[in-house]
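Asks: Handing you this structure, nothing more for now.
Please treat every number below as a calculation from the coordinates, not as lab data. Nothing here was measured: the structure is a model prediction, and the numbers come from that model. Quick reminder, even Gly has a Cβ in these numbers, built from the backbone with ideal geometry, and neighbours come from all protein chains shown.
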Amino acid sequence: MGSAGHDQALISARDAGLVACQRCGQVHAVQTAICDRCEGTLRSRDTQSLQKVWAWLIAGMIAYIPANLYPMLLTSTLVERSESTIIGGAVELAEHGAWGIATIVFVASVVIPMGKFMAIIYLAISVQRKSRENRHGRHKAYEAVEFIGRWSMIDVFVVAILSALVQLDTIATINPGIAAVSFALSVIFTMLSAQSFDSRLIWDADRTPQ
Amino acid sequence: MSATLPQLDDLVACPQCDTLHRAQSLPDGARAHCQRCGIVLMTSQPAAIAQVLSLALTAFVMMIAAVSFPFLTLDAGGLHNATSVIDAVLAFNDGYAFPLAIAVAFFIVVIPLMRLTALIYALGPLVREQSPRNGARTAFAFAERLRPWSMAEIFIVGVTVALIKVAGLAVVTIGPAFWAFAGVVVITVLKDQLICRYSIWEALDTTKH
């Protein structure tokens, strides 16, 4: 384990009348605007954090609706033309017996986005209520959302590769559907939402208000 | 209150919960965690910067290979289709999906290359024990900011899923670019594991030398 020393009672940089740089950890007097170590902009707290979180989250949730309603893949073969949605694609894989891959697709394109929406809503509401409960759990949830969110993009890349690869004029072609665009937008918006969340707010509830 | 505080340079604040810690020099290989929220604040690996730089250079060369060579080839019923990484990007180039083609190009090729270039630019002189280049701090901050948007590893998992989807339909041959791309992914993960932001910022800080 590490040995970063700490004062008897843990205090925040803000309580000590200081402002910390989120990029490099350097501490400055509270009026400082630009970090002299890394030239980053200093902000003790991002006061508009929650506003941005909600805005991006709502945009992400709206984009997720057409992503599920419209086809993700347009397949045409000699005999038929078919369209498959996100869920449809996962079900098809499962019917072919590819359970492992079906699970990956289902987790990446349904479980992760849904879980992320709920996790961000929970984080934002608990901060607004200045909750003191389960801060370690909430911080873990924040880290998980930041880490896992990008993996939803798998489905968009699968569509990209399939439509590039399966272009055999008459026998079979696969083309991307409109849902691929809205799904990608949904992932991007929710990533921006998670990045706008200022995790320091989770830990502020029992600190002296200023 | 500030009278009881040590020098500002000896303090480090957790970027995720704002808790103040006193910075101490760590024994080699040790990690310091935030006492409150538990994230890793700093690690001590004296050779890390040189390793990060060499891994970044390797990944850069392999990335060039990954976009130049054939990636996957598909054969079915006498028809043949070879795909490069660029073709995968261009899959979205018709009409409404065009912005997505640009986004995919950025996520899997352009952003990873920009990150590598910025890291090589920022860390190069440090390894030769020279003072950092102009703009080295901007370059490193840029590389770190782009980190979540660099999705090469997600792309490679997507490729695997796609391969299994078409495996029953046609014969797929894996080209050299696939292995180069997989190599880039492994090297990038190793490199990002080694980056200790705190130590690199300290090394890039010209005002304190």
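Asks: Could you work out how far helix A:86-95 tilts from the main Cα principal axis of chain A, as a 0 to 90 degree angle to the nearest 10?
Replies: 60 degrees
Asks: Would you mind calculating the relative contact order of chain B from Cα pairs under 8 angstrom and at least 6 residues apart, reporting the percent as a whole number?
Replies: 26 percent
Asks: Using the Karplus equation 6.51 cos²θ - 1.76 cosθ + 1.60 (θ = phi - 60°), what ³J(HN,Hα) coupling, rounded to whole Hz, does each residue of segment A:102-116 give in order, writing x for Gly and Pro?
Replies: With the stated coefficients, segment A:102-116 comes to 4, 5, 4, 5, 5, 5, 5, 9, 10, 5, 5, x, 4, x, 5 Hz.
Asks: Right, something else. Using amide H atoms built in the peptide plane, which far-off residues or other-chain residues are under 5 Å from B:HIS80 H to H?
Replies: The answer is none.
Asks: May I ask you to sort A:LYS130, A:LYS116, B:LYS191 by Cβ crowding, counting other Cβ atoms within 10 Å and putting the fewest first?
Replies: On the way: A:LYS130 11, A:LYS116 26, B:LYS191 21.
Arranged by neighbour count, lowest to highest, A:LYS130, A:LYS116, B:LYS191 become A:LYS130, B:LYS191, A:LYS116.
Asks: So what is the relative contact order for segment A:47-204, in percent, with contacts set as C-alpha pairs under 8 Å and at least six apart? Before the final figure, lay out each step's value.
Replies: Details: 203 pairs, mean separation 68.9, N = 158.
RCO, segment A:47-204: 44 percent.
Asks: Can I ask one more? Which value, in debye to the nearest 20, gives the size of the charge dipole of chain B about its Cα centre, when Lys and Arg are +1 and Asp and Glu are -1 at the Cβ?
Replies: On the way: 13 positive and 13 negative charges, 49 e Å.
Around 240 debye, computed over chain B.
Asks: Report, in degrees rounded to the nearest 10, the 0 to 90 angle that the Cα long axis of helix A:154-165 makes with the longest principal axis of chain A.
Replies: 40 degrees
Asks: Turning to a different aspect of this structure: Quick one: angle between helix B:136-146 and the longest Cα principal axis of chain B, in degrees between 0 and 90, rounded to 10, please.
Replies: Helix B:136-146 and the main axis of chain B meet at about 50 degrees.
Asks: Mind listing the phi-derived Karplus ³J(HN,Hα) values for segment B:174-187, rounded to whole Hz, using 6.51, -1.76 and 1.60 with θ = phi - 60°, and x for any glycine or proline?
Replies: Per residue, the Karplus-derived 3J(HN,Hα) values read 8, x, x, 4, 4, 5, 4, 5, 4, x, 4, 4, 4, 5 Hz.
Asks: Just checking the output field for A:13-23: average partner chain Cβ neighbours within 10 Å of each residue's Cβ?
Replies: The shielding value for this peptide is 6.
Asks: Moving on. Which cross-chain or sequence-distant (5 or more) residues have an amide H under 5 Å from the amide H of B:GLN24, H modelled 1.01 Å from N in plane?
Replies: Those lying under 5 Å, H to H, from B:GLN24 are A:GLY5.
Asks: Could you please rank B:THR83, A:THR190, placing first whichever residue has the fewest other Cβ atoms within 10 Å of its Cβ?
Replies: Numbers: B:THR83 23, A:THR190 27.
Lowest to highest Cβ neighbour count: B:THR83, A:THR190.
Asks: Using only helices, what value at 222 nm comes out for chain B when you add -39,500 (n - 2.57) per DSSP H run of length 4 or more and divide by the total residues, to the nearest 500 deg cm²/dmol? All intermediate terms of the calculation are to be shown ahead of the outcome.
Replies: On the way: 8 runs with 106 residues, N = 209.
About -16000 deg cm²/dmol.
Asks: Moving on. Under the definition of partner shielding as Cβ atoms of other protein chains within 10 Å of a residue Cβ, what is the mean value for peptide B:77-85? Can you show the working numbers first?
Replies: Details: counts 5, 2, 6, 1, 7, 2, 6, 1, 3.
Taking all residues of B:77-85 together, the mean is 4.
Asks: Which value, in debye to the nearest 20, describes the size of the charge dipole of segment B:1-117 about its Cα centre when Lys and Arg Cβ atoms bear +1, Asp and Glu Cβ atoms bear -1, and nothing else is charged? Please list the in-between numbers first.
Replies: Working: 4 positive and 7 negative charges, 58 e Å.
The calculation lands at about 280 debye.
Asks: In what sequence do B:TYR96, A:TYR142 fall when counting other Cβ within 10 Å, fewest first? Walk me through the numbers before you get to the answer.
Replies: Values: B:TYR96 10, A:TYR142 20.
Starting with the residue having the fewest Cβ neighbours, the order is B:TYR96, A:TYR142.
Asks: Shifting gears a bit: Give the separation of the Cα centroids, segment B:117-162 to segment A:166-210, in Å.
Replies: Rounded to whole Å, the Cα centres lie 22 Å apart.
Asks: Still on this structure, I have one more. Across the residues of B:164-171, average count of Cβ atoms on other protein chains within 10 Å?
Replies: Details: counts 8, 14, 6, 2, 3, 7, 5, 0.
Neighbouring Cβ atoms belonging to other protein chains average 6 per residue here.
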